[in-house]
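Taken together, the values in this text are just the output of simple stated rules run on the coordinates, not laboratory data. Not measured: the values here are computed from a predicted model. Using ideal geometry, Cβ is built from the backbone for each residue, glycine included, and neighbour counts are taken over all protein chains shown.
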Amino acid sequence: MPAPHGGVLQDLVARDAPKKAELLEQAEAGNLVRWFLTARQICDLELILNGGFSPLKGFLNKKDYESVVHNSRLENGLVWTIPITLDVDSEFASQLKAGQRVVLVQDNEFPLAILTVGDVYQPDKAVEAKEVFRGDPEHPAVKYLVEEAGEYYVGGSLEAIQLPIHYDYPGWRKTPAQLRLEFESKQWDRVVAFQTRNPMHRAHRELTVRAARSNNSKILIHPVVGLTKPGDIDHHTRVRVYQEIIKRYPNGMAQLSLLPLAMRMGGDREAVWHAIIRKNYGASHFIVGRDHAGPGKNSKGVDFYGPYDAQELVESYKNELGIEVVPFRMVTYLPDEDRYAPIDEIDTDKTRTLNISGTELRNRLRDGGEIPAWFSYPEVVKILRESNPPRPLQGFALVLSKALPGHLKTALLSTFLQYGGGRHYKVLEHNGTPEILALVPDFVRSGTGLILQDAPSLKGINVFKVGAELGSDIQLGAEDVNILHVVQKVVLFLEDQAFFQF
């Protein structure tokens, strides 16, 4: 089993356990300023506190930050490719000074750690975007820097009170220390880790088994359940899939553990980061995929990263990382032989192959199409269908322009109730209340047909705007003055989108 990155597992929770009561008392006394963590900051903090981000013992100070941005190394020369920073707004930053202690709080309630401020600095986000994420304004991490991240970063060391509180899958959330202990007790000294943010199917099982057997190792299925790419399948659905597929491995070969990581979709740099994290969790080998941790293409159809950039960058650091790189070998199904095989081992001109792309899978789920047994296991397909019902069973939200008459809501509701179709329908009165509007995605996910008015900023999956304004999904013109005509236009749109089947 490899040593942690930097030589020592920085398990701050274990280190500070003897003074936990004292730290908690200080945190709750009301004398220290409090910072309420964002979802991404909670993920980062958890992996600092549990040692997943070893050798880090806090958020990066300015010197380490600039070294990581420009050189992919901490100031001491150790390889580290992604800046781990605590971003805050200017108002909060103005309250801070070096040596000050700040309580870091989860969900406005639970104190997780106390940060001793080392420095407060204003980053050059344009430089960070270009150097770390290649600068494309459509890259998710660049958009985060521009649209969401605070203006200032706070560097400093941490004292741990407790890990973030999770109410889901506690038995599957193993810390680096726990996994290392389990590997040691099982005498698993060679472990190949598999990173994923997607559901797993038969091909994934096949490639991980092949990777393990070719490297005489066991398998750690280590999916991300923190923050992934917008539009990804939710982690609850994915974890149910992982729980099923882990049963399909040969007995004693594989173990599942969940990783609370906030992905940046940083391609090659992120692949190196992922390898370091898996080494800290005790893995000796790491599978690096094609376009690993890449966000795909921008709106012009240009890839953010090359297909093999990640594998090449990880390989270039191989001697310093202390973990073996296992290049992802794509496997494909051979129907005439009823087996999977690496694509680079077969002559595709002479051998018939079958595959289903991610886009095609989503289309089959949406349309209720067949997902064959050679592609995935029945239990997995059942879980995916439950979480991704076909369009006629999906919910939607119609956002009516403020300029439209109020009784259009009643007309639409009556029409939808007449059609039925097994879907609930509701008019949502909100008066612009953010707490009520925040419920819209939940209504849609539950299969409800929702009608509401005057919520121009509302966006999301299956949310459609109705009006004469530019950008409306259901565009109304000067001729659309008759309520029944508008209702008909809305119904035809929903039928065309397969929400209704007449």
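Over its Cα atoms, what ratio of radius of gyration to 2.2 N^0.38 Å does segment 370-502 give?
Values: Rg = 16.3 Å, N = 133, 2.2 N^0.38 = 14.1 Å.
Normalised Rg, Cα atoms only: 1.15.
Under the rule a/c < 1.5 gives rounded, and otherwise a/b versus b/c splits prolate from oblate, where does segment 12-160 land using the Cα gyration tensor? Don't jump to the answer; show the numbers that get you there.
Working: a/c = 1.92, a/b = 1.52, b/c = 1.26.
Note, shape of segment 12-160 comes out prolate.
At most 14 other Cβ atoms within 10 Å and a DSSP loop assignment: could you name the GluC sites (Glu not before Pro) in segment 310-353 that fit? Show your work: numbers first, answer last.
Working: sites: 312, 315, 320, 324, 337, 345; in loops: 337.
Within segment 310-353, the qualifying GluC sites (Glu not before Pro) (loop, at most 14 other Cβ atoms within 10 Å) are 337.
Convert each backbone phi in segment 254-269 into a coupling constant with the Karplus relation 6.51 cos²θ - 1.76 cosθ + 1.60 (shift: θ = phi - 60°), then list the ³J(HN,Hα) values in order as whole Hz, x for Gly and Pro.
10, 9, 9, 8, 9, 10, x, 9, 8, 5, 9, 6, x, x, 5, 5
Based on the alpha-carbon gyration tensor of segment 1-85 and its eigenvalue square roots a ≥ b ≥ c, which shape applies: rounded if a/c is under 1.5, prolate if not and a/b is larger than b/c, or oblate? Provide the component values of the computation, followed by the final result.
Details: a/c = 2.39, a/b = 1.49, b/c = 1.60.
It comes out oblate by the Cα gyration axes.
Just to be sure I follow: if Rg is taken over the C-alpha atoms of segment 394-448 and Rh is the Kirkwood radius over the same atoms, what is Rg/Rh?
Values: Rg = 11.7 Å, Rh = 12.1 Å.
Taking Rg over the Kirkwood Rh, I get 0.96.
When only alpha-carbon atoms count, how far does segment 170-332 stretch along each of its three principal axes, as whole angstroms with the largest first?
For segment 170-332, the Cα extents along the three principal axes come out at 50, 37, 32 Å.
Quick one: which residues, 5+ away or cross-chain, put their amide H under 5 Å from the amide H of residue 191? H built at 1.01 Å from N.
Here the answer is 218, 284, 285, since their amide H atoms fall under 5 Å of that of residue 191.
How large is the dipole of the chain about the Cα centre if only Lys and Arg carry +1 and Asp and Glu carry -1, each at its Cβ, rounded to the nearest 20 debye?
Details: 57 positive and 64 negative charges, 228 e Å.
Dipole size: approximately 1100 debye.
When the helix-only estimate is applied to the chain (DSSP H runs of n ≥ 4, each -39,500 (n - 2.57), divided by the residue count), what is the mean residue ellipticity at 222 nm, nearest 500 deg cm²/dmol?
Values: 19 runs with 174 residues, N = 502.
Helix contribution divided over all residues of the chain: -10000 deg cm²/dmol.
Rg to Rh for the chain: what is it, with Cα atoms only and Rh by Kirkwood? Don't skip to the end; give the middle numbers.
Numbers: Rg = 25.3 Å, Rh = 25.3 Å.
Radius of gyration over Kirkwood radius for the chain works out to 1.00.
Name the residues of segment 118-141 whose amide N is less than 20 Å from a point 7 angstrom out from the Cα of residue 32 along the C-beta direction?
Of the residues in segment 118-141, 118-121 have backbone N under 20 Å from the label point off residue 32.
Within 10 Å of each residue's Cβ, count the other Cβ atoms and sort 188, 374, 80 from fewest upward.
Working: 188 22, 374 16, 80 26.
Fewest-to-most ranking of 188, 374, 80: 374, 188, 80.
What residues qualify as long-range amide H neighbours of residue 500, i.e. H under 5 Å apart, gap of 5 or more or another chain, H built at 1.01 Å from N?
Counting only residues 5 or more places away or on other chains, the set is 495.
I'd like the Karplus ³J(HN,Hα) series for segment 151-165: coefficients 6.51, -1.76, 1.60, θ = phi - 60°, whole numbers in Hz, and an x wherever there's a Gly or Pro.
3J(HN,Hα) across segment 151-165, in whole Hz: 6, 10, 10, 10, x, x, 8, 10, 10, 8, 9, 6, 6, x, 8.
Using θ = phi - 60° and the Karplus form 6.51 cos²θ - 1.76 cosθ + 1.60, what ³J(HN,Hα) does each residue of segment 144-150 get, whole Hz, x for Gly and Pro?
4, 4, 7, 9, 10, 5, x
Give the Rg/Rh ratio for segment 134-227, taking Rg as the radius of gyration of the Cα atoms and Rh as the Kirkwood radius, to two decimals. Write out the running numbers ahead of the final one.
Working: Rg = 18.5 Å, Rh = 17.3 Å.
Rounded to two decimals, Rg over Rh is 1.07.
What is the fewest-to-most order of 366, 269, 202 by other Cβ atoms lying within 10 Å of their Cβ?
Details: 366 14, 269 26, 202 18.
If I rank by nearby Cβ atoms, fewest first, I get 366, 202, 269.
Post the alpha-carbon centroid distance, segment 199-236 to segment 315-369, in whole angstrom.
Taking the Cα centre of each part, segment 199-236 and segment 315-369 sit 13 Å apart.
Which pairs break 31 Å Cα to Cα here: 247/426; 218/297; 97/297; 57/143; 57/174?
Numbers: 247/426 42 Å; 218/297 34 Å; 97/297 42 Å; 57/143 27 Å; 57/174 19 Å.
Over 31 Å apart, Cα to Cα: 247/426; 218/297; 97/297.
Neighbour counts of other C-beta atoms within 10 Å: give me 480, 496, 124 arranged from fewest to most. Can you show the working numbers first?
On the way: 480 17, 496 9, 124 12.
By the 10 Å Cβ count, ascending, the order reads 496, 124, 480.
Pull up all non-local amide H partners of residue 288: gap of 5 or more, or a different chain, and H-to-H distance under 5 Å with H placed in the peptide plane.
Correct list: 326, 328.
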